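Undergrad: Take a look at this one; I'll ask things after.
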Amino acid sequence: MNQLNQIAKELLTSQKVKLVIGYGEGTDGRVRPVFVRKSEDASQLIWDDRCRQNLAVYLNKTEIREIGFPIAIVSLPATVRSIVQLIAEHQFQVEDVIPIVQEGANVTTIENKERLEQYAAANPVVFPPFVVEEIENIRNKSVEERFEYWQEELSRCFKCYACRAACPLCYCERCITDVNTPQWVCVPPHAIGTFEWHMNRAMHLAGRCVECGSCTIACPVGIPIGLLTMEATRIAREELGYEPGIKCDVPAALATFRPDDKESFIL
Amino acid sequence: MSRIGVFVCHCGENIAATVDCEKVAKTCAKIPGVVYSVDYKYMCSDPGQNLIREAIKEKKLTGVVVAACSPRMHEPTFRRACAEAGLNPYLCEMANIREQCSWVHPKSKATTQKAIDIISTLVAKVKRNRALFPIQVPVTKTALVIGGGIAGIQAALDIANSGHKVVLVEREPSIGGHMAQLSETFPTLDCSQCILTPRMVEVAQHPNITLYSYSEVESLSGFIGNFTARIRKKAKSIDEKLCTGCGECMNACPIKKNPSEFNMGLGTRPAIYIPFPQAIPNKPVIDRERCTYFRTGKCRFCETKCPAQAIRFDQKDELIDIQVGAVVVATGFNVVGTSFFPEYGYGKYKDVITGLQFERLLSASGPTLGELKRPSDGSTPKKIAFIACAGSRDPAKGIEYCSKICCMYTAKHAMLYKHKVPDGDAYVFYMDIRAGGKGYDEFVRRAIEEDHVNYIRGRVSRIYERNGKLIVCGADTLLGAEPVEIEADMVVLATAGIANQGAEELAQSLHISYDHHQFFAEAHPKLRPVETNTAGIFLAGACQSPKDIPDSVSQASAAASKVSTLFSQKELTREPVVAVINRTAPPVYSTCVGCFMCQSACPFNAIEREEIRTRDGKLIKTVARVNPGLCQGCGTCVALCRSKSIDLQGFSNEQVYAEVTELFA
Amino acid sequence: MENESFEPKIVAFVCNWCTYAGADLTGTSRIKYATNVRIIRFPCTGRIDYNLILKAFERGADGVIVSGCHPNDCHYTSGNFHARRRWIVFRGLLEYMGIDPRRIIFSWVSAAEGAKWADVVNRAVTEVRQLGPAKEFNEMRKSQAFEFRSV
């Protein structure tokens, strides 16, 4: 996209940023992330319908941070939401990241907090139809049927943690799975081990998951893993009134409360 | 290696009747890590405790489990016994096999098995207990009292008299608060100023009290024992050291007709003013919004007339930072004005006034010098209607609570009116009479029986003006809701007591909780009425909820005693059941990723940000840090933390995990 | 599923200031309840990690009781509010993944409600007995290569 390359080139030449993270051509017609440091390399950047990964995951990596803020990043709406959520979680400041977004036919940058929040709110998550169908499907099952469904899906999981690696909001340097005193999450990929891992990931993403789908894309054995984290966020949205990824300075869903949070199950 | 001792108590027959204690002791001896397991009739007795002490020394125990009653009963007893024998008291736990086992189940194998399970859970926990030591926090022995009403004055005097320094900050030009505005107080009808002024003078003269009047607390930072308060001393435009309080400036000032705050708008004062004659400090201030010089640059008459040359037009606000160890908040309350009531005239009728305004009319130093005159035409009112519960107990008006003092002061107002105008008629419209204090009910009876005040049980739906009189439309519910109409010369509304102006902002800057009416929240409604949830900050008086003078004074003394307790030791000692964030060697420093969910969740503000920097000042990471002086040990942060970087001493992750998994081993 | 001699194993996670004290009161009042429950004490319901509930089930519990102070009564002001939010999400997720949420009984029991505690326990035992052993977790355990050892 010419506009994109132009913007990237300007940002790098003017030294406004030291790095532009974007999508580039990969092998076999796939796209892969590229990290452009020199303005001549700005032509590597592409942007088409194949670009679905959420690049915000790189913003929290040590190697990237060592290059130094501010960083420009080619952003899908989900990426912008991830950035807003990461700012709300004190991982970096608004001025540290410059999202490059699409607005209609134009490509522009976002350089202040109001525009950032506006863009995030104006571009809510849109699920592809097969996702909507699958969610309906599961909702219509009984508890036993759901158990069977998930046991079937999770039986393929072999704890590669690609879902964790792809998620921008999984940035803990020491994950709960790495803790062995006590061993919260059983390591082996048996039924209990995978159940514990995915329960924990979903709970940790409650009210934080911006529903970008990167985890599902990353899973090598095709488990619809995003459905779990999305369910946790749906509960946070509907029961707790909490929408992630649209405000830069709200505390986390599970670290706040309303005195009148409704529950129907406490005796 | 763990060397745990298990001590099973029979508690006479209390446990032994349903649990086979001998069997329990024998079975527990086989738990890995247990080197000594006995049963005994009364563990809490002296010989019982001796058993534990001896065992610790002889068997070199590293942990003790006493299986007996609830830890809520005897944990301190056994922890002390262990400490006496040289074992850290936090290495002792109690297994509750009485209240939660022997007393609630019949004698059976299942009951004995349950006792064994409970003990094995606690053994698993104790194996992972760490020696903990009480936390010492240094204490600055100066108190800050915010608010100079009767509660603030009482608290300041009590703390100062116990030998500690006090800084008293008052927003108005003078201390005294609402009590200074009252004419006489219930139930004794003694003169309010007469009992208050000596206290005010004591405050001014006390060597341990520093008084900052016309000042506000701008911010408070720090924690218990170590607060830093920033006080803004607003510019009075007077050099206080030179001013003699002679009052010439007030005579000279040409702008005399400003509504007087002290007289609740019923009288006037000049632009340079002392609020009332007995003010402490007895020095004027210039109201810069009304003073001609500050508005137009002309005048300065007061300056020319001042014999001491004490006027300073160029004076600026001063910011003062002080170190204090404790704060007492005594900022008082306010009352709702007449404009709150559409049905009573929206504040348009000059002769419909609030109880506080009526006090000023009654007062000998008030705008009418104690003669009861109608604000509209100065005539003596021959019929006054007093309306109790004006605004209070009314969910439709948003004030669902009772303001507590109005029944009493309404009776007082009616009585004082009758004393001043014996041939006048007083009517009180009431819902209930709340006169629960000492001598209170007798006082109300006096109003009815001796001073012949007419009490009508019913509410007033409307007041309107007709031919110079106020028509009060009420009902008498004791006569079956018969309508009552009074042609009154004056109406006094006992308006609801509400939080003082600026209460919410103050609470936020002090980090104390407040309710939806902006009254400050106490730590526990019954057992901790003068403390807040913020350690080191105490409450006194009506800022917590509307109350009368005896209760305000009691609370103030209670708060002062809490402060004195805090100051009575060199250092503050706290239980070490606090949260700790892990720290390791560089380059990791800590597994905390700085998301600060813990900070958002902590109700006690105990989590701070810590910046870890290189020697040249470059920021490596920002992590959380627990202030052990503030943490209360609830563990909410521990359960929240995604990376498990924070743990609670005494109920650590390893311990609770072992307790749960041990049950099914 | 209906096993006459099946005695459910129930673990209770309770807060020290309210429910634990309430359970003590049940004892002081000598009110009797079922023996199936094992109580574990926490300083506050806010301290209760949902992972502990999972572990309890995985190791063999058939039911779990979680109980604390009534809203607005928490000794630490807001621990129970945070816990409540956590439970709302956790319960929803468990149900989504196919675990019967009726196996976890949540309650607010104050220090004065000794009788209520006995009620909660008895109710939990009856309900879980009807639901039968926690077969979801039984099934999941079968795929392990070894039995859990105590650490």
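Undergrad: Take residues that are modelled with pLDDT under 90 and not small (Gly, Ala, Ser) and tell me which of the strands (runs of 3 or more DSSP E) falling wholly in segment B:518-630 contain 1 or more. Lay out the reasoning, then the answer.
TA: Working: elements: B:537-539, B:571-574, B:579-581, B:607-613, B:619-626.
Answer list for segment B:518-630: B:571-574, B:619-626.
Undergrad: Look through segment B:640-656, keep the residues that are facing chain C (nearest Cβ under 7 Å) and over 30 Å from the mean Cα position of the chain (by Cα), and return whichever of them is farthest from residue B:123 (Cα to Cα).
TA: Ranking the qualifying residues of segment B:640-656, first place goes to B:651.
Undergrad: Then there's this: State all residues of segment B:351-367 that are in contact with a Pro (Cβ under 9 Å, 6 or more places away or on another chain) and under 20 Å from residue B:275 (Cβ atoms); if no residue qualifies, say none.
TA: B:353, B:357, B:360, B:361, B:365, B:367
Undergrad: For residue B:350, all conditions in the list (1) among the basic types (Lys, Arg); (2) in a loop (DSSP other than H, G, I, E, B); (3) without any contact (Cβ under 8 Å) to a residue 24 or more places away in the chain hold save one; what is the number of the exception?
TA: (3)
Undergrad: Take segment B:255-272 and flag every residue that is crowded, with 22+ Cβ neighbours inside 10 Å, touching a residue at least 24 places away in the same chain (Cβ under 8 Å) and out of contact with any Gly (no Cβ under 8 Å at 6 or more places or on another chain).
TA: Answer for segment B:255-272, where residues must be crowded, with 22+ Cβ neighbours inside 10 Å, touching a residue at least 24 places away in the same chain (Cβ under 8 Å) and out of contact with any Gly (no Cβ under 8 Å at 6 or more places or on another chain): B:262, B:264, B:272.
Undergrad: Can you tell me which of A:253, A:202, A:232, A:165 is under 19 Å from the mean Cα position of the chain (by Cα), over 17 Å from residue C:89 (Cβ atoms) and small (Gly, Ala, Ser)?
TA: A:165
Undergrad: Of B:145, B:126, B:104, B:139, which residue is aliphatic (A, V, I, L, M) and without any contact (Cβ under 8 Å) to a residue 24 or more places away in the chain?
TA: None of the others qualify; the one that does is B:104.
Yes or no, residue by residue, for (1) buried (at least 22 other Cβ atoms within 10 Å of the Cβ); (2) among the aliphatic types (A, V, I, L, M); (3) assigned by TED's automatic domain parsing to the domain that holds residue B:108:
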residue: B:20; (1), (2), (3): no, no, yes
residue: B:38; (1), (2), (3): no, yes, yes
residue: B:41; (1), (2), (3): no, no, yes
residue: B:51; (1), (2), (3): no, yes, yes
residue: B:64; (1), (2), (3): yes, yes, yes
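Undergrad: Which residues, counting only those in segment C:15-34, are facing chain B (nearest Cβ under 8 Å) and in contact with a Ser or Thr (Cβ under 6 Å, 6 or more places away or on another chain)?
TA: C:24, the sole residue that qualifies.
Undergrad: Residues that are in a loop (DSSP other than H, G, I, E, B), out of contact with any strand residue (DSSP E or B) (no Cβ under 6 Å at 6 or more places or on another chain) and touching a residue at least 60 places away in the same chain (Cβ under 8 Å): does segment B:286-299 have at least one?
TA: no
Undergrad: Please indicate, with yes or no, whether at least one residue in segment B:614-632 is over 30 Å from the mean Cα position of the chain (by Cα), away from chain C (no Cβ under 11 Å), closer than 22 Å to residue C:84 by Cα and surrounded by 17 or more Cβ atoms within 10 Å (Cβ to Cβ).
TA: No, that holds for no residue.
Undergrad: Out of (1) under 33 Å from the mean Cα position of the chain (by Cα); (2) more than 19 Å from residue B:382 (Cβ to Cβ), the odd one out for residue B:492 is which?
TA: Result: residue B:492 fails condition (2) only.
Undergrad: Working only within segment B:130-172, note down all residues that are touching a strand residue (DSSP E or B) at 6+ places or on another chain (Cβ under 9 Å), closer than 30 Å to residue B:655 by Cα and either hydrophobic (A, V, I, L, M, F, W, C) or in the same structural domain as residue B:210 (by TED's automatic domain parsing) (or both).
TA: Of everything in segment B:130-172, those that are touching a strand residue (DSSP E or B) at 6+ places or on another chain (Cβ under 9 Å), closer than 30 Å to residue B:655 by Cα and either hydrophobic (A, V, I, L, M, F, W, C) or in the same structural domain as residue B:210 (by TED's automatic domain parsing) (or both) turn out to be B:135, B:137.
Undergrad: Run residue A:118 past the list (1) touching a Cys at 6+ places or on another chain (Cβ under 8 Å); (2) without any contact (Cβ under 8 Å) to a residue 24 or more places away in the chain and report the number of the one that doesn't hold.
TA: Every condition holds for residue A:118 apart from (1).
Undergrad: If a residue must be surrounded by fewer than 19 Cβ atoms within 10 Å (Cβ to Cβ) and either among the basic types (Lys, Arg) or part of a loop (DSSP other than H, G, I, E, B) (or both), how many such residues does segment B:384-401 contain? First the steps, then the outcome.
TA: Step one: filter segment B:384-401 for residues surrounded by fewer than 19 Cβ atoms within 10 Å (Cβ to Cβ), giving B:393-398, B:400-401.
Restricting the remaining residues to those that are either among the basic types (Lys, Arg) or part of a loop (DSSP other than H, G, I, E, B) (or both) gives B:393, B:397-398, B:400-401.
The qualifying residues number 5.
Undergrad: Just the residues that are at pLDDT 90 or above and either over 20 Å from residue A:209 (Cα atoms) or among the small types (Gly, Ala, Ser) (or both), please, taken from segment A:68-100.
TA: A:70, A:71, A:72, A:75, A:78, A:82, A:88, A:95, A:96, A:98, A:100
Undergrad: State whether one or more residues within segment B:460-483 are under 26 Å from residue B:398 (Cβ atoms), basic (Lys, Arg), assigned to a loop (DSSP other than H, G, I, E, B) and outside the structural domain of residue B:147 (by TED's automatic domain parsing).
TA: Within segment B:460-483, not a single residue is under 26 Å from residue B:398 (Cβ atoms), basic (Lys, Arg), assigned to a loop (DSSP other than H, G, I, E, B) and outside the structural domain of residue B:147 (by TED's automatic domain parsing).
Undergrad: Can you tell me which residues in segment A:83-108 are within 14 Å of chain B (Cβ to nearest Cβ) and farther than 16 Å from residue A:16 by Cβ?
TA: Selection gives A:85, A:86, A:87, A:88, A:89, A:90, A:91, A:92.
Undergrad: Kindly state which strands (runs of 3 or more DSSP E) lie completely within segment B:82-160 and contain at least 1 residues that are over 29 Å from residue B:62 (Cβ atoms), out of contact with any Lys or Arg (no Cβ under 6 Å at 6 or more places or on another chain) and not hydroxyl-bearing (Ser, Thr, Tyr).
TA: Those strands (runs of 3 or more DSSP E) span B:135-138, B:142-146.
Undergrad: Condition (residue is in a strand (DSSP E or B), among the hydroxyl-bearing types (Ser, Thr, Tyr), touching a residue at least 40 places away in the same chain (Cβ under 8 Å) and surrounded by 17 or more Cβ atoms within 10 Å (Cβ to Cβ)) applied to segment A:71-93: is it met by at least one residue?
TA: Checked against the condition, which is being in a strand (DSSP E or B), among the hydroxyl-bearing types (Ser, Thr, Tyr), touching a residue at least 40 places away in the same chain (Cβ under 8 Å) and surrounded by 17 or more Cβ atoms within 10 Å (Cβ to Cβ), segment A:71-93 yields no hits at all.
Undergrad: Would you point out which residue out of B:571, B:575, B:610 is surrounded by fewer than 19 Cβ atoms within 10 Å (Cβ to Cβ) and within 14 Å of chain C (Cβ to nearest Cβ)?
TA: Criteria check complete, one pass: B:575.
Undergrad: Given (1) crowded, with 19+ Cβ neighbours inside 10 Å; (2) closer than 30 Å to residue B:153 by Cβ, where does residue B:603 come up short, assuming only one miss?
TA: It fails just one condition, (2).
Undergrad: Conditions first: (1) in contact with a strand residue (DSSP E or B) (Cβ under 9 Å, 6 or more places away or on another chain); (2) of a type outside the set (D, E, K, R); (3) closer than 18 Å to residue B:352 by Cβ. Residue B:447 passes all but one, so which condition is the exception?
TA: Result: residue B:447 passes all but (3).
Undergrad: Shifting gears a bit: Taking segment B:208-254 only, how many residues are over 28 Å from the mean Cα position of the chain (by Cα) and crowded, with 19+ Cβ neighbours inside 10 Å?
TA: Looking only at that region, the number is 6.
Undergrad: Consider residue C:85 carefully, then state whether it is within 30 Å of residue A:233 (Cβ to Cβ), out of contact with any Lys or Arg (no Cβ under 8 Å at 6 or more places or on another chain) and buried (at least 23 other Cβ atoms within 10 Å of the Cβ).
TA: The answer is yes for residue C:85.
Undergrad: Is segment C:17-35 home to any residue that is crowded, with 23+ Cβ neighbours inside 10 Å and under 23 Å from residue C:131 (Cα atoms)?
TA: Within segment C:17-35 (the criterion being crowded, with 23+ Cβ neighbours inside 10 Å and under 23 Å from residue C:131 (Cα atoms)), the answer is no, since none of the residues qualifies.
The values are calculated or read from the model by the stated rules, or taken from the named source; none is laboratory data. What you see is a predicted model, and the numbers here were worked out from it, not measured in a lab. Counting neighbours? That spans all protein chains shown, and the Cβs are built from the backbone with ideal geometry, glycine included.
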